[in-house]
Every structure is written in C-alpha cells, then in structure tokens.
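A.B. asks: Below you'll find the structure I mean.
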Amino acid sequence: MFTGLVQAIGTLRRDSSQLRISWKDSDALLQPLQLGDSVAVDGVCLTVATLASHGFSADVSGETLQRTTLGSKAERGEAVNLEHALRLADRLGGHLVSGHIDGTGEVVAIEAQAEAWRLALRWSEPRFGRYICEKASVAVNGISLTVAGCSQDGQDFWIAVIPHTWSHTTLQHLRKGELVNLEADLLAKYAERLLTSRQQRDEPPPGSAPQSSINENWLNEHGWA
C-alpha cells in the first residue's frame with residue numbers, strides 16, 4: 001500500500017525484460033531499498049528484483065505494460081514519480097493507494113492560475129467515471145490528488161494542483177494530449193462491490209413475487225417486536 005505522496009523523481013528505462021529505475025546520487029529518500037520491496041513507479045506497484053547503488057530493476061508483466069504508460073515512458077527514458085511502500089506506523093498524508101492502475105487518462109487541458117494549476121483529465125475508459133465525484137481522491141501517476149469538479153458521468157474531471165505538488169512531481173512535465181496512470185479511490189470500489197453483492201443477494205428469483213424487506217426478523221433486529 002502507498003499514500004500517493006511522492007518521495008523522489010527517477011528515470012525509467014527498459015532493460016531487456018525488466019524496467020530499470022534510477023535517481024540522482026544526492027537523492028537518498030528511497031534508501032535503503034531491499035530485494036522484494038514494493039515501490040510505486042508513476043503509481044504502479046513494482047517489486048525490486050535487482051539493486052543498484054542509486055536504483056533498481058523490476059520485472060513487469062504484459063498486463064502492466066498494456067494497462068499503464070510505463071512501457072512508452074521506458075522507451076523514451078522519461079521521469080517518473082517514486083514512493084516506497086507504506087509502513088503501518090507511517091502517517092497517511094494522502095489516501096490509500098494500492099498501486100494497481102485502473103486505466104489511463106488523457107490530459108485535456110493545463111491552465112496556470114493565480115495560486116495553482118488547473119489540470120483537466122478524461123478517463124480513457126468511461127466505466128471508471130462512476131468512481132469520480134467532487135472532493136473524491138484519485139491517484140494521478142501515483143500522486144494523491146483531490147477532485148475539484150467533474151462531469152455528470154465522472155469521465156471528465158479536473159484538479160487544482162498546489163505549487164509544492166507541481167514542482168516536486170512530474171506533473172510539471174505534462175503536456176496536453178499526454179496519457180497518465182489513474183487509480184480510483186480504493187474505498188469507493190470496495191463500497192460498490194459490497195452494495196452490489198448485497199443487492200444481488202436480496203433480489204427475488206426470476207418470476208417470483210416481490211417480497212418486502214420488513215419481516216419478523218427485521219422487526220426483532222430493530223427492536224419493534
């Protein structure tokens with residue numbers, strides 16, 4: 001698990017079947033790493049397979065390359081956001097981020113404002129828009145951000161990015177039309193799953209008469225009988 005608070009910026013490259021991540025000698029925020037540690041790379045949870053003095057390599061599956069931007073970024077040697085896995089005793093300054101990307105989103109617009117940047121995004125797959133609402137949390141390239149507003153279906157949404165976040169992450173390098181990794185709020189997905197499962201469980205069999213949810217057990221449970 002991660003918090004969506006970026007600790008360092010690294011460079012991503014492809015090395016045969018692995019991805020290689022490195023950072024500046026002066027950046028010790030991710031030291032010391034150990035084999036098997038989890039690191040969020042632009043929001044994607046990767047496992048340290050080999051270590052270097054200021055970097056590591058990680059195995060990556062075809063599913064990860066297909067669902068995220070890591071493959072294309074590695075080919076171009078681009079900058080990525082890095083965060084070490086959360087310890088149970090750490091402060092949760094952002095929100096719970098699993099490192100499992102739902103899909104990509106397109107940068108629709110970037111607007112410099114008086115004390116922030118307005119970043120407008122659009123889900124590549126409309127079905128994920130249902131997890132977006134005003135003041136919801138969303139991870140963009142591994143960064144915990146708050147939704148400032150959205151369209152009715154949630155496919156289009158925008159974020160107000162404060163100067164510190166802008167200057168200390170790769171958001172400053174984004175361009176219109178570029179793709180970003182998006183992970184919707186984990187708690188929203190769990191809530192949807194639980195509510196959907198309960199609804200399916202409580203539905204009467206096809207062809208049967210609808211039944212009231214108020215019965216003797218319900219009355220006893222709520223102190224009415």
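A.B. asks: Return only the number of the condition from (1) at pLDDT 95 or above; (2) not in a helix (DSSP H, G or I) that TRP166 does not satisfy.
C.D. replies: It fails just one condition, (2).
A.B. asks: Test GLY154 against the criterion of being in a loop (DSSP other than H, G, I, E, B), crowded, with 19+ Cβ neighbours inside 10 Å and touching a Cys at 6+ places or on another chain (Cβ under 6 Å), and give yes or no. Full working, then the answer.
C.D. replies: Working: in a loop (DSSP other than H, G, I, E, B): yes; crowded, with 19+ Cβ neighbours inside 10 Å: yes; touching a Cys at 6+ places or on another chain (Cβ under 6 Å): no.
Here the answer is no, as GLY154 does not meet what is asked.
A.B. asks: Given the criteria at pLDDT 90 or above and over 13 Å from the mean Cα position of the chain (by Cα), does THR50 qualify?
C.D. replies: Working: at pLDDT 90 or above: yes; over 13 Å from the mean Cα position of the chain (by Cα): yes.
It is true that THR50 is at pLDDT 90 or above and over 13 Å from the mean Cα position of the chain (by Cα).
A.B. asks: Something else about it: Quick check: is even one residue across the stretch 112-119 free of Cβ contacts under 8 Å to residues at least 40 places away in the same chain, closer than 19 Å to CYS150 by Cβ and out of contact with any Leu (no Cβ under 8 Å at 6 or more places or on another chain)?
C.D. replies: Here is the first cut: in the stretch 112-119, the ones free of Cβ contacts under 8 Å to residues at least 40 places away in the same chain are 112, 114.
Narrowing further to those that are closer than 19 Å to CYS150 by Cβ: none.
No: the stretch 112-119 contains no residue that is free of Cβ contacts under 8 Å to residues at least 40 places away in the same chain, closer than 19 Å to CYS150 by Cβ and out of contact with any Leu (no Cβ under 8 Å at 6 or more places or on another chain).
A.B. asks: For the stretch 78-96, check the following and say yes or no: at least one residue is within 16 Å of ASN181 (Cβ to Cβ) and without any contact (Cβ under 8 Å) to a residue 24 or more places away in the chain.
C.D. replies: First pass over the stretch 78-96, keeping only residues within 16 Å of ASN181 (Cβ to Cβ): 78-83, 94-95.
The next check asks that each one be without any contact (Cβ under 8 Å) to a residue 24 or more places away in the chain; those that pass are none.
Taking every residue of the stretch 78-96 in turn, none turns out to be within 16 Å of ASN181 (Cβ to Cβ) and without any contact (Cβ under 8 Å) to a residue 24 or more places away in the chain.
A.B. asks: Looking at the stretch 1-112, what strands (runs of 3 or more DSSP E) fall wholly within it and have at least 2 residues that are loosely packed, with under 14 Cβ neighbours inside 10 Å and on the phi < 0 side of the Ramachandran plot? Steps first, answer last, please.
C.D. replies: On the way: elements: 8-15, 18-22, 38-41, 44-47, 50-52, 55-59, 79-84, 103-112.
By residue number, 50-52, 103-112.
A.B. asks: When you go through SER38, SER57 one by one, which is the residue that is small (Gly, Ala, Ser), within 20 Å of the chain's Cα centre (by Cα) and not assigned by TED's automatic domain parsing to the domain that holds ALA139?
C.D. replies: Numbers: SER57 fails: within 20 Å of the chain's Cα centre (by Cα).
Criteria check complete, one pass: SER38.
A.B. asks: Select from the stretch 128-162 the residues that are among the small types (Gly, Ala, Ser) and within 14 Å of the chain's Cα centre (by Cα) and write down the one among them that is farthest from ILE101 (Cα to Cα). Show your work before the answer.
C.D. replies: Kept after step one, since they are among the small types (Gly, Ala, Ser), are these residues of the stretch 128-162: 129, 136-137, 139, 142, 144, 148-149, 151, 154, 160.
So of that shortlist, the ones also within 14 Å of the chain's Cα centre (by Cα) come out as 129, 136-137, 139, 142, 144.
Numbers: GLY129: 14, ALA136: 17, SER137: 14, ALA139: 9, GLY142: 9, SER144: 13 Å.
Per the stated criteria, the residue is ALA136.
The values are calculated or read from the model by the stated rules, or taken from the named source; none is laboratory data. Since the model is a prediction, treat every value here as computed from it, not as a measurement. Please note: Cβ atoms are built from the backbone with ideal geometry, for glycine as well, and neighbour counts cover all protein chains shown.
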